[in-house]
1. Among the residues of the range 38-63, how many are over 17 Å from the mean Cα position of the chain (by Cα) and buried (at least 19 other Cβ atoms within 10 Å of the Cβ)?
2. How many residues does the range 55-75 hold that are in a strand (DSSP E or B) and under 22 Å from Leu12 (Cβ atoms)?
3. Would you confirm whether or not the range 23-45 contains a residue that is without any contact (Cβ under 8 Å) to a residue 12 or more places away in the chain and either touching a Phe, Trp or Tyr at 6+ places or on another chain (Cβ under 9 Å) or assigned to a loop (DSSP other than H, G, I, E, B) (or both)?
4. When you go through (1) more than 12 Å from the chain's Cα centre (by Cα); (2) in contact (Cβ under 8 Å) with a residue 24 or more places away in the chain; (3) within 20 Å of Ser108 (Cα to Cα) one by one for Leu83, which number turns out not to apply?
5. Residues being modelled with pLDDT under 95, touching a His at 6+ places or on another chain (Cβ under 8 Å) and farther than 19 Å from Asp111 by Cβ: count how many of those fall in the range 27-68.
6. What number of residues within the range 4-16 satisfy the criterion of being modelled with pLDDT under 90 and either surrounded by 13 or more Cβ atoms within 10 Å (Cβ to Cβ) or of a type in the set (Val, Ile, Thr) (or both)?
7. Which members of the range 76-91 meet the condition of being part of a strand (DSSP E or B) and surrounded by 15 or more Cβ atoms within 10 Å (Cβ to Cβ)?
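The values are calculated or read from the model by the stated rules, or taken from the named source; none is laboratory data. Model, not experiment: these values are computed from the prediction. Neighbour counts are summed over all protein chains in view; Cβ atoms, including those assigned to glycine, are modelled from backbone coordinates with ideal geometry.
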Amino acid sequence: MDSPEQPVPVDLRDYVDFTQGQPTGRRVFTTDVLAVDLLCLEPSQHVGARSFDGADIVYTVLGGHAWVVTPDAEVTLSPLQALLVPAGVTHGVRNDSADPLILHAAASPPDELPPLHEGPSRRPVRRGGSPQPSTLDRLRRVLGGP
């Protein structure tokens, strides 16, 4: 298995999976602080309203158009546009266009997310075996310093 200190490349095309009956989601990566999913929605499909009290989610459209709906707003996203949904905000996603939608979703922390089928790598990136470094230790590692 790849060391968690090494980059883990994937080809997102391997995670694209459309189903006529319902939207599909494949987990690309999971770590102790982040989950990355690829969601595929055919025209007229939607992901119902949901809320994650402790996780922020960033949706990025890779192909097609997404409509992200909250109780206070509706945002339309085109390819390469992104939206941050803060923790605790109820939201849903739908595909009202005639084209398939490929949506990249990154959530942190991943604890509240529903489990998804792991992608073709079959090897989620997990840090483990040793105590988790503190936030200060991680910042020192990234930024340098004593």
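1. From the range 38-63, those over 17 Å from the mean Cα position of the chain (by Cα) are 42-45; that's our starting set.
With the extra rule that they be buried (at least 19 other Cβ atoms within 10 Å of the Cβ), the set shrinks to 45.
Residues flagged as over 17 Å from the mean Cα position of the chain (by Cα) and buried (at least 19 other Cβ atoms within 10 Å of the Cβ) within the range 38-63 amount to 1.
2. We begin by selecting, within the range 55-75, every residue in a strand (DSSP E or B); these are 56-63, 66-69, 74-75.
From what is left, the residues that are under 22 Å from Leu12 (Cβ atoms) are 56-63, 66-68.
Adding up the residues that qualify gives 11.
3. Taking the range 23-45 as the starting set, the residues that turn out to be without any contact (Cβ under 8 Å) to a residue 12 or more places away in the chain are none.
No: the range 23-45 contains no residue that is without any contact (Cβ under 8 Å) to a residue 12 or more places away in the chain and either touching a Phe, Trp or Tyr at 6+ places or on another chain (Cβ under 9 Å) or assigned to a loop (DSSP other than H, G, I, E, B) (or both).
4. Only one criterion is unmet by Leu83, namely (1).
5. Here the count works out to 1.
6. 2
7. Initially, the range 76-91 is screened for residues part of a strand (DSSP E or B), giving 76-77, 82-85, 91.
Result: Leu77, Leu83, Val85, His91.
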